[in-house]
Amino acid sequence: MSNIIGGPAVRRIEPGAVYIWLALDQEAQVEAKAFKTLSGESVAEAAGTKVIKAQLGESLFFYLLKLTPPSENGKLPTDAKLYYNIYIDGADLAELGLTDGAHAITYPGQRLPSFVIPTQHKHIIEGSCRKPHPKNKDGSAQRDQLIRADRVLADNITKASRPTMLCLTGDQIYADDVATSLLPALTETGSELVGGFEIMPPKQSGGSPTHPNRIKLENRSKVLNKNEGFTSKHGKNHLMSLGEYAAMYLAVWGGKSKAPLSWDEAKPKIASKIKSNGPKPVIKEKDYNEERERVEEFLSNTWRTRRLMANISTQTMFDDHEITDDWNLNEDIDKALRKAGSLGRRLTANGLAAYWAFQGWGNDPDSFDKKFIKALEEHYADQNKSNKTRARAAETELHEQYWSYTVPGFPAMIALDTRTSRSFIKGDGPRLLSPKGFDWLEIQLKAFGTLYNSSSNPQTLLVLSPAPVFGFRPLEVIQSKITKWFKESDTLVDAEYWTASPTAYRALLRALGSVKFAEKILLLSGDVHYSFAAIEPKVESIVHSQAPTLIQITSSATCNHPSATVERVMDLIDRMSRIPDITYLLSEESSNKVVNGDNNIASIRFKDALPDEAEFYYYEPKNRRNYTWTYNLKKLKIREPK
């Protein structure tokens, strides 16, 4: 019997279709139905050609179910709760054990999971940057704010205020920063999923093929070094194989996972250093156990993430950590990770294949044709039968894919891939969109203009940009000076913010400022591990006097707040600096402070399709308390620059 090892998750929602994603450990006959009432007839079904399968391992089958109404030109009911059920070889969600018990994917009082197709989104949730093992100052586990997002949905599940979309704006996993106790569990789960341990190309310096499972714990950074295109400061346990990447997604999204190893189980697998009294593990037992406890606490709550994603449409975009830290940050890294036949190219392809299967496919199903899926299946479905030609074909499809996409609606959405289509000009910082990327953006904005210019309804455009378009400028100024003063310091200070390239920054403002179909543009971002809200008052001078208002909402991190030292530095910069070209918003609860480093999730409400209010839900570890910052997005409360 097939088991659901991941999902189900509600993904892209359109007036005529809803996509449901899930992962199984065996091939099966999969169908789905949606209902307006639990006892009524189905209003949509997914069966036959509306169910697409992709096999990426011996026991790793992904399904995307397209729920459509019975008539060809029909539309699904809007602004009403629609329940759905899934049938695996005839067994429904209840028979599969997912609708009852402590870890059910249904909310209290609900017999089935559900979703809403809004004519206008009234409430969305946004967040980014989620790691299983970060610690507080006292060594305790940080609070995962997706737990708070789950609670927000639970509190509003039967109300008109129910959130209808979850936007995850990058670093949904940390491939390069993996807990020592967790990696062996991921490696083992990964081998079960794909049917063995992956053999990868040798290092560029030559030698034999790379066997990730044979590398000692805490030792992978010796293989994945700068020469291979890797710069992570925490890459000792970097994910490498497709199986490991897939296992990480399943673990953090509440699917199939194994418990982290105990110290006694892990000790023989850990790299050693030579001491006067003999070899000793490179990590201390106390540190290992504290980290393992943090991982266990995180994993104990991931069923809430699974429940959340089973009941709300989720749209995402990657940042760097889905693949590796500093992914394509500069031209040297970009070239190293694309070099034909290299270890870096294969690892990046594995990360992208996992991103596609767990995120990208559900974001925009029509962007991936049969040729794309076939190339991945021919390489990954049975790697024992794969060869260099098949591996090269899969790598080519993944590396040449452009991952930006749009979602029509009220608000409309554009999600920007700012990683795979960069351009690098000497004397300028990385341009997060290349000319090709800007051409694509212009085409999409024109298409939205054709669609909405004649509409009498007010409109907002959501732009998902993992890196904030309007960043925290005082810090960006410091980063800019460091990169000018010190060679090769761009990876040290993450110098890949939009203003690192004034040319690309102004080009983006011109493109967005030229929009006429939307009164407001809401920029949703993550990346930076602190939160803030801002506007750019100079857009009108770049474009025209009727340019839309651009509002930046940055929610980071859901579970990875900065260290106490970094927070103190940020607070000092915040208090001392005033940079006039960005106007930072003050919350109702803050008289002067504009940035906040506590873990957070943003809850954004709309009225008549225009942004009305943003609430940031925080958790303060020192006093173990939840608190909120609220921004009025109609009457902006600003902190005046000096």
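The values are calculated or read from the model by the stated rules, or taken from the named source; none is laboratory data. All values reported here derive from a predicted model rather than from experimental measurement. Cβ coordinates were reconstructed from backbone atoms using ideal geometry, including for glycine residues, and neighbour counts include every protein chain displayed. Side chains included, ligands, DNA and RNA excluded: accessible areas come from the protein's heavy atoms. Shrake-Rupley method; radii C 1.70, N 1.55, O 1.52, S 1.80 Å.
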**Test result for L146, under 17 Å from V252 (Cα atoms), of a type in the set (A, V, I, L, M, F, W, C) and touching a Cys at 6+ places or on another chain (Cβ under 8 Å)** = yes
**Complete:** Over the stretch 114-138, the set of residues open to solvent by less than 30 Å² (accessible area, probe 1.4 Å), part of a loop (DSSP other than H, G, I, E, B) and farther than 30 Å from N457 by Cα is S128, C129, K131, P132, H133, P134, N136
**Prompt:** For the stretch 186-222, how many residues meet the condition of being in a loop (DSSP other than H, G, I, E, B) and buried (at least 20 other Cβ atoms within 10 Å of the Cβ)?
**Reply:** 3
**Message:** For the stretch 159-178, give me each residue that is under 22 Å from Q359 (Cβ atoms) and hydrophobic (A, V, I, L, M, F, W, C).
**Reply:** M165, L166, C167, L168, I173, A175, V178
**Asked** If only one of G255, G278 is among the small types (G, A, S), open to solvent by 10 Å² or more (accessible area, probe 1.4 Å) and touching a Lys or Arg at 6+ places or on another chain (Cβ under 8 Å), which one is it?
**Response** G255
**Item:** Among the candidates I482, I414, residue that is without any contact (Cβ under 8 Å) to a residue 24 or more places away in the chain and either of a type in the set (S, T, Y) or open to solvent by less than 50 Å² (accessible area, probe 1.4 Å) (or both)
**Value:** I482
**Request:** Scan the stretch 22-34 residue by residue and report those that are touching a Leu at 6+ places or on another chain (Cβ under 9 Å) and farther than 17 Å from G57 by Cα.
**Result:** V30, E31, A32, K33, A34
**Request:** Determine if the stretch 390-399 includes at least one residue that is of a type outside the set (V, I, T) and assigned to a loop (DSSP other than H, G, I, E, B).
**Result:** no
**So Y530, is it over 30 Å from K446 (Cα atoms), of a type in the set (F, W, Y), in contact with a helix residue (DSSP H, G or I) (Cβ under 8 Å, 6 or more places away or on another chain) and at pLDDT 85 or above** = yes
**Request:** Quickly run through the stretch 502-531 and pick out the residues that are more than 24 Å from the chain's Cα centre (by Cα) and small (G, A, S).
**Result:** A507, A511, G513, S514, A518
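Listed here are the residues, each with its yes/no results for (1) at positive phi; (2) touching a His at 6+ places or on another chain (Cβ under 7 Å); (3) at pLDDT 95 or above; (4) aliphatic (A, V, I, L, M).
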| position | (1), (2), (3), (4) |
| --- | --- |
| Y87 | no, no, yes, no |
| G90 | yes, no, yes, no |
| H103 | no, no, no, no |
| R111 | no, no, yes, no |
| F115 | no, no, yes, no |
| H123 | no, no, yes, no |
| C129 | yes, yes, yes, no |
| K137 | no, no, no, no |
| Q145 | no, no, yes, no |
**Asked** Here are I199, I157, I117: which of them is over 30 Å from K36 (Cα atoms), more than 16 Å from the chain's Cα centre (by Cα) and among the aliphatic types (A, V, I, L, M)?
**Response** I199
**Prompt:** Is there a residue in the stretch 156-169 that is open to solvent by less than 30 Å² (accessible area, probe 1.4 Å) and touching a Gly at 6+ places or on another chain (Cβ under 7 Å)?
**Reply:** yes
**Complete:** Exactly one of Y380, Y402 is open to solvent by less than 50 Å² (accessible area, probe 1.4 Å) and closer than 30 Å to P163 by Cα, and that residue is Y402
**Fill in**
Taking the stretch 469-479 and keeping only residues that are among the β-branched types (V, I, T) and surrounded by 19 or more Cβ atoms within 10 Å (Cβ to Cβ), one is left with V469
**Message:** Of everything in the stretch 505-528, what is small (G, A, S) and either open to solvent by 40 Å² or more (accessible area, probe 1.4 Å) or in contact with a Ser or Thr (Cβ under 8 Å, 6 or more places away or on another chain) (or both)? Give them in sequence order.
**Reply:** S514, A518, S525, G526
**Asked** Which residues, taken from the stretch 12-27, are in contact with a Pro (Cβ under 8 Å, 6 or more places away or on another chain), modelled with pLDDT of 95 or more and not aliphatic (A, V, I, L, M)?
**Response** R12, Y19, W21
**Residues (in contact with an Asp or Glu (Cβ under 9 Å, 6 or more places away or on another chain) and not in a loop (DSSP other than H, G, I, E, B)) located in the stretch 233-251** = G235, K236, N237, L242, G243, E244, Y245, A247
**Asked** Within the stretch 1-18, can you find the residues that are more than 17 Å from E95 (Cα to Cα) and either among the aliphatic types (A, V, I, L, M) or open to solvent by less than 10 Å² (accessible area, probe 1.4 Å) (or both)?
**Response** A9, V10, R11, I13, A17, V18
**Prompt:** Of the residues T460, T348, which single one is over 23 Å from E496 (Cβ atoms) and buried (at least 19 other Cβ atoms within 10 Å of the Cβ)?
**Reply:** T460
**Asked** Within the stretch 563-572, is there a residue that is part of a loop (DSSP other than H, G, I, E, B), within 29 Å of the chain's Cα centre (by Cα) and at pLDDT below 90?
**Response** yes
**Asked** From A28, A34, which residue is crowded, with 17+ Cβ neighbours inside 10 Å and not in a strand (DSSP E or B)?
**Response** A28
**Message:** For the stretch 285-369, give me every one of the helices (runs of 4 or more DSSP H) that falls completely inside it and has 3 or more residues that are within 21 Å of the chain's Cα centre (by Cα).
**Reply:** 285-299, 302-309, 343-355
**So L432, is it within 27 Å of C129 (Cα to Cα), at pLDDT 95 or above and among the aliphatic types (A, V, I, L, M)** = yes
**Filter result (of a type in the set (D, E) and buried (at least 17 other Cβ atoms within 10 Å of the Cβ)) within the stretch 48-85** = E58
